[in-house]
Structure formats: structure tokens, C-alpha cells
1. Extending each Cα 7 Å along its Cβ direction at ASP178 and ASP201, get the distance between those two points in nm, one decimal.
2. For segment 2-211, please report how many Lys pairs fall under 27 Å Cα to Cα, leaving out neighbours fewer than 8 apart on the same chain.
3. Would you mind telling me the antiparallel percentage of the DSSP bridges in the chain, rounded to 5?
4. Rounded to the nearest 0.05, what FRET efficiency do GLU108 and ALA9 give with R0 = 30 Å and r taken as the Cβ-Cβ distance? Could you check?
5. Can you give me the relative contact order of the chain as a percent, contacts being Cα pairs under 8 Å and 6 or more apart?
6. Add +1 for every Lys or Arg and -1 for every Asp or Glu among the other residues with Cβ under 12 Å from the Cβ of ALA35, and state the total.
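Taken together, the values in this text are just the output of simple stated rules run on the coordinates, not laboratory data. Given the structure is predicted, the values throughout are model-derived calculations rather than measurements. Cβ coordinates were reconstructed from backbone atoms using ideal geometry, including for glycine residues, and neighbour counts include every protein chain displayed.
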Amino acid sequence: MFILVNLKAYPCDPVEIATAANTVAESSGVRIAVAAQAAHLERVSETGVETWAQHVSPNGHGSFTGSTLAEAVADAGAVGTLINHSENRRKLADIDGSIEAAERVGLETCVCANNPEQTAAVAALSPDSVAVEPPELIGGDVSVSSADPDIVKDAVSAAAAVNEDVDVFCGAGVSTGDDVVSAGELGATGVLLASGVAKADDPKAVLEDLVSGL
Ligand SMILES: O=C(CO)COP(=O)(O)O
């Protein structure tokens, strides 16, 4: 299982969390990555943790003020990027363009989707993975894998019917090792989570618990 921690715009210390994630990844052998604000990518990647961006723009170099250039993200040390999110909704054509921009510089791609239908739609664009996250469960205390297990199972089959090479992760409310294990039992190959780590008093202890059942 892959554990992908999205720091969003939470008022956490990205370097402290990245350092903890790197330590736990090394001691457990579990793949853990941290998706940080673009302005923090370089400092996060200097910790040695697998570093992801939270989005990249569909454009390349040029007159595109305010864009998050895939080339710049890769140059700052990111090896992957989230694309689209319930909190940062993009049109399908822009998602397609962002996947192409990421692939141009070798970034791994994970497109977020709200439900199995959107999972199928974005799987057709052949990202490396799709993360299904029901918006109503994001930021809550109950994991998608226990609150709505069918959405995970349905997203896994929906993606496989379109493109068997696309991995499916799940997210929303994931915060414990049990949540990660049950996500795996439902067919997800990774989890995408945020508040459970970014808002924790002791992020390292949460990360240790997340990998404890793997
Ligand atoms: O939106 C999410 C990750 O991208 C999930 O957020 P929470 O883990 O806070 O529910």
C-alpha cells in the first residue's frame, strides 16, 4: 500500500511532517509520499521524503502568469503530482492537459475523483492512479473504507473496466492503520489522506500507526 499525505494548505510544519514521513518510510519499508504546497516543495524534498506537488497546470513554459509549471515542480524535487481535487475542481480537458504536462517531465500522476463515475472518466485519460474521495467524508473522522466501502469497490471495478493499468487509491477520513488495511481489502493499492496527519499533535505517531498493519 502507498500512503500519500496531502498537506493541503493546513498550518502545519511541512518539513517536520516530511522528516517524520521519511523516517517512518525507511523504518517500515512502506512507500510514503508528501504532497506539499508548491512553495514548500524544495524544502520538503531536501528531507529525502518522496515529494509530490498538489497540482500542475496544463501549460508549458510561456506567458502563463500564476501557473504551477510541471517543469518547475520537478526542478524543485517533486517526483509526482496530484491533479484535480474536490477542493480544486478542474475541467476534463484541463485534467488531460495536466497529465500530459506531468508526463512530459516524468512526474507520476494521481487524479482525484469524487465517485466511481468520475473515476472511470479520468481513468480513460491514463494517469498512473486515480484517488476516489467522497467530498462529504473529506476532513471527517470516519474513513471512506468503513463509511462507504462500496464506493471504493465500485471505483476499483470502474477503473479496471476502462484501463487495467490505472491504480486506484481511496481517501477521506483515513487516519489509522485499520483504515489502511481495510482500504487494501477493498482493492485500493494506496490511500490519500490529509487532516489525520496534517492536523495531528504528533504526526509521526499517526504515520507509525498508518503503516502498523502492513
Ligand atoms: O482530501 C483528502 C486528501 O486529498 C482527504 O482529506 P482528509 O484525510 O482530511 O479526509
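1. In this crude label model, ASP178 to ASP201 measures out at 2.1 nm.
2. Values: LYS8/LYS91; LYS8/LYS153; LYS8/LYS199; LYS8/LYS204; LYS91/LYS153.
The result is 5.
3. On the way: 1 of 31 bridges.
Taking every DSSP beta bridge within the chain, about 5 percent pair in antiparallel fashion.
4. Working: r = 22 Å, r/R0 = 0.74.
With a Förster radius of 30 Å, E is 0.85.
5. Values: 485 pairs, mean separation 42.5, N = 214.
Computed over the chain, the figure is 20 percent.
6. On the way: positive: LYS8; negative: GLU50, GLU108.
Overall, the nearby charge balance is -1.
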